[in-house]
């Protein structure tokens, strides 16, 4: 299973990626960058450096790994384009929901032209459709999908929601080699019950179609359900809610800040958690 890091280019890690872009992807990027930003006083992160190598917590291949990243088109900027060659794989979300927030009207034809231009210019292989069913209706979504594919000359990744019905899921899995399932995040209005995951995944796989779980990284669920890829912003929650992540060799473990203490600088904590999730990303490649 491939786990894509969502939200890693924007937000608290933006200065870190900016430094990588300026230094032209010099290797090894992550350990050098982490030491520069965090310093020797952040001991939890230093599980990854030489003094603890003998304990089996360090693997040179981890920091040489190019991360799998998912980013929203809404947050794309020039630095993101410069970073694309550094990523091991990249998924592009349309950013449509974020874009239309606070807007009375949206010219979707103009939007998909800009979206398609970025896809074509950067040869993006994995990009999602504009799954705005609850805004414009599914017939209009399908029309936008066709126009987008015409502009790019490549198939998008359709995002199935349960309101589209099981028959539509079967059809998409026959027509496309890669589809996504939405409604997997706990806050989603159309959240799907996990008991339906296996039959949906089995249907798609029987048709030779891969399935991406949008925003799904339930640590127990990843071992139980055989998604081909997922993405998550879970690694960003540590600096927001006060805990540090650590990959223990099989899963992610959270350590809360002791009562009465604070984590310190959010950007440093975000980088620590990103690197620990990167280790989990590598593990998922071959074990999930």
## Note on the structure
Most exposed first, judged by fewest Cβ atoms within 10 angstrom, 156, 209 run 209, 156
### Query
Length gain on complete extension for the stretch residue 97 to residue 241, per 0.36 nm per residue less the alpha carbon to alpha carbon distance?
49.3 nm
### Task
With a point put 7 Å past each Cα toward its Cβ, work out how far residue 175 is from residue 253 in nm, to one decimal.
4.8
### Query
Between residue 79 and residue 118, how many nm apart are label points set 7 Å from Cα along the C-beta direction?
1.5
### Query
Alpha carbon centre of the stretch 94-134 versus the stretch 216-278: separation in Å?
29
#### Entry: Exposure proxy ranking, count of Cβ atoms within 10 Å, fewest first, for 177, 237, 232, 220
220, 177, 237, 232
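Every number here is computed from the coordinates shown, using simple stated rules; none is lab data. For clarity, every value in this text was computed on a predicted model and none was experimentally measured. Cβ atoms come from the backbone with ideal geometry, glycine included; neighbour counts cover every protein chain shown.
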